[in-house]
Amino acid sequence: MKIKWYLLGAGKLQEQPALEGQLQALLGESAEGWFDVQDAGPEELRGLLTSLDLHPLQLTRCLDSVNNPGVISFGKSLLMEYPAAFDRDSTNLAYLTILLQNRVLVTIRHGAMRALDDLVHNLMGETAPPLLHLPQIIYIILDQFSDLNVEAQVTLRDQILLVSNTLAENPSAVSPSDLSRLRGQVENLLSLVENQLYCISGLNACDNETLQDPHRKAYMQDLLSETEIMQRGLYRLETRVRDLYNDYQAAGNERVEKRLRLLTIVSAITLPLGLLAGLLGMNVGGIPGTTAPFGFIVVIGLMVLIVMVECWYFARKGWFD
């Protein structure tokens with residue numbers, strides 16, 4: 001198990017030395033601390049969280065290997081399992097368990113979260129905003145992952161636009177696998193955002209005493225509105241991908257129709273030629289032109305004339321368009 005912990009004081013987040021002792025005892029009487037846990041097993045987590053006096057249901061959810069998005073609140077204790085990381089080509093989500101108890105904030109990572117490392121680095125930088133309380137850190141963490149989702153959404157929108165332009169200019173350059181990959185990426189991101197929206201809605205609606213301050217409530221309401229807007233945007237992207245499928249199928253049908261029309265024209269042109277050749281090639285007496293010195297040339301000329309008349313007729317009727 002790997003633990004980094006930070007002390008919150010005077011509006012600053014300061015990294016502390018290696019963890020020794022129980023969480024509450026490390027903070028003293030009034031300080032607030034953030035403990036970031038990685039690669040922890042169930043028994044290691046149990047030993048770490050024992051001093052927090054959690055509700056049994058919250059402790060069970062922390063130790064459970066299966067992560068389910070949601071919020072569990074009892075008094076001043078808050079637990080949220082939040083789907084945090086997004087991989088456009090994978091349906092496996094990395095979860096972040098957020099535990100707030102009095103003056104202690106614990107984040108438990110279930111999967112790689114480089115964005116969280118970058119966030120910690122920024123919060124301890126010179127230009128970091130003043131940090132007044134632990135709920136503010138929770139909001140900043142959630143907002144960080146929300147920003148990543150916005151970036152992923154913009155990237156997907158640009159990819160959809162590129163495929164759409166390619167489909168309009170050169171339909172054969174677009175393959176069904178391209179559209180399937182786009183649809184899978186949109187669905188994965190939409191599933192992630194819907195789970196996040198479920199968590200943020202629960203966080204905004206919960207009666208946790210720590211979050212009842214109007215100023216802190218405003219944080220969550222703002223994040224809730226942003227996530228709802230993102231969800232609506234993803235629904236639009238989903239519709240655009242569906243339209244791309246329809247356009248691709250229409251373009252494919254048009255190609256097939258052109259080929260069938262060409263085959264029909266060729267068949268219509270060769271049919272009278274075959275009929276004429278069959279009549280003149282019968283092994284019976286009385287066929288005209290068999291003794292004429294220019295009979296072959298006349299027949300060939302007649303065939304060419306038939307082809308030219310048929311081509312003129314089909315062109316006039318728009319069959320070659």
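The residues listed here are Leu142, Leu100; of these, the one that is in a helix (DSSP H, G or I) and touching a residue at least 60 places away in the same chain (Cβ under 8 Å) is Leu142.
Within region 45-59, work out how many residues are assigned to a loop (DSSP other than H, G, I, E, B), at negative phi and loosely packed, with under 13 Cβ neighbours inside 10 Å. So the answer is 0. Exactly one residue out of Gly289, Gly274, Gly281 is among the small types (Gly, Ala, Ser) and at positive phi, and it is Gly289. Inside region 177-212, residues that are without any contact (Cβ under 8 Å) to a residue 60 or more places away in the chain and closer than 15 Å to Tyr139 by Cβ make up a count of 4.
Residues in region 168-205 that are surrounded by 18 or more Cβ atoms within 10 Å (Cβ to Cβ) and over 21 Å from the mean Cα position of the chain (by Cα): Leu203 only. Screening region 1-40 for strands (runs of 3 or more DSSP E) wholly inside it with 3 or more residues that are modelled with pLDDT of 80 or more and surrounded by 14 or more Cβ atoms within 10 Å (Cβ to Cβ) returns the ranges 2-9, 32-38. Say whether the condition of being more than 30 Å from Glu187 (Cβ to Cβ), among the charged types (D, E, K, R) and within 47 Å of the chain's Cα centre (by Cα) is met by at least one residue in region 245-254. Taking every residue of region 245-254 in turn, none turns out to be more than 30 Å from Glu187 (Cβ to Cβ), among the charged types (D, E, K, R) and within 47 Å of the chain's Cα centre (by Cα).
Taking the listed residues Pro272, Pro288, the one that is without any contact (Cβ under 8 Å) to a residue 60 or more places away in the chain and assigned to a helix (DSSP H, G or I) is Pro272, with no other qualifying. Between Pro69, Pro83, Pro42, the distinction of being under 19 Å from Gly202 (Cα atoms) and touching a Leu at 6+ places or on another chain (Cβ under 7 Å) belongs to Pro83 only. In this entry, Arg236 passes the filter for residues that are closer than 30 Å to Ser201 by Cβ and assigned to a helix (DSSP H, G or I). Residue under question is Ile98, and the condition is that it be in contact with a strand residue (DSSP E or B) (Cβ under 6 Å, 6 or more places away or on another chain), surrounded by 20 or more Cβ atoms within 10 Å (Cβ to Cβ) and at pLDDT 90 or above; does it hold? So Ile98 passes the test. Remark: pairs (first residue in region 107-129, at negative phi; second residue of a type in the set (D, E, K, R) and surrounded by 19 or more Cβ atoms within 10 Å (Cβ to Cβ); Cβ separation under 6 Å; 6+ apart in sequence or on different chains) = Thr107/Asp36. Listed by first and then second residue, the pairs linking a residue in region 247-259 that is closer than 15 Å to Asn170 by Cβ to a residue that is hydrophobic (A, V, I, L, M, F, W, C), with Cβ atoms under 7 Å apart and 6 or more places separating them unless they lie on different chains, are Asp247/Leu167; Tyr248/Leu167; Tyr248/Val174; Tyr248/Leu179; Ala251/Leu167.
The values are calculated or read from the model by the stated rules, or taken from the named source; none is laboratory data. These numbers come from a predicted model, not from an experiment. As a convention, Cβ positions derive from the backbone with ideal geometry for all residues, glycine included, and neighbour counts pool all protein chains shown.
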